[in-house]
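Down below is the structure, laid out as structure tokens.
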Amino acid sequence: MGLLRKVPLFANLQEEDKVCIEATEERQLAAGEMLFQEGEQAKNFFVLLVGEISVSKKHGVVARNRPGAFFGEIPLLLGTPYMMSARAECDCQLIVFPEESFWKLLRLCPAISAEIFRAMVTRLRNIEGS
């Protein structure tokens, strides 16, 4: 919980919100390791704590996620495969929300859900504009 509170999305996490994050996993990635591949069925929502994750399509890198970034919500919400690939640019530390935990987070933590949905709308607009 302490690690997540350092991320702006979870900065106001209260002790009673613990139920929202109880089934998460901490994951380490080595530099160059793939987190997921474009076309792979979405299974997780991710919060980057340390490091940098590049997100790419076949034509190249489209974004770089830095500490505090969260991603993976769009394919989970739409029930689609990941639309891009993600690779660790350096050693990384993430919190992983398996799909069931992600849905629990959305149901039980309305302030966090609202922020995720705001980010999703912005990301979808950016995708449509590309």
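The values are calculated or read from the model by the stated rules, or taken from the named source; none is laboratory data. Just so we're clear, the structure is a prediction, and the values are computed from it rather than from any experiment. Cβ sites come from the backbone with ideal geometry, for glycine too, and all protein chains shown count toward neighbours. Accessible surface is based on the protein model in full, side chains and every heavy atom, while ligands, DNA and RNA are left aside. Shrake-Rupley method; radii C 1.70, N 1.55, O 1.52, S 1.80 Å.
When the stretch 1-26 is limited to residues that are open to solvent by 90 Å² or more (accessible area, probe 1.4 Å) and within 18 Å of Gln93 (Cα to Cα), the one that is modelled with the lowest pLDDT turns out to be Arg5.
The residue pairs whose first member lies in the stretch 72-93 and is acidic (Asp, Glu), whose second member is at pLDDT below 95 and open to solvent by less than 10 Å² (accessible area, probe 1.4 Å), and whose beta carbons are closer than 6 Å, counting only pairs six or more residues apart or on different chains, are Glu73/Ile116. Residues that are among the polar types (S, T, N, Q) number at least 2 in the following strands (runs of 3 or more DSSP E) confined to the stretch 10-86: 53-57.
A search for C-beta distances below 7 Å between a residue of the stretch 7-18 that is free of Cβ contacts under 8 Å to residues at least 12 places away in the same chain and any residue that is not acidic (Asp, Glu), counting only pairs 6+ apart in sequence or on different chains, returns Ala11/Arg5. Does Leu124 satisfy being outside any strand (DSSP E or B), over 11 Å from the mean Cα position of the chain (by Cα), more than 22 Å from Lys6 (Cβ to Cβ) and in contact (Cβ under 8 Å) with a residue 12 or more places away in the chain? Considered against the rule, which asks whether it is outside any strand (DSSP E or B), over 11 Å from the mean Cα position of the chain (by Cα), more than 22 Å from Lys6 (Cβ to Cβ) and in contact (Cβ under 8 Å) with a residue 12 or more places away in the chain, Leu124 comes out as yes. Of a type outside the set (Val, Ile, Thr), free of Cβ contacts under 8 Å to residues at least 24 places away in the same chain and closer than 16 Å to Lys104 by Cα: does that describe Glu25? No, not satisfied.
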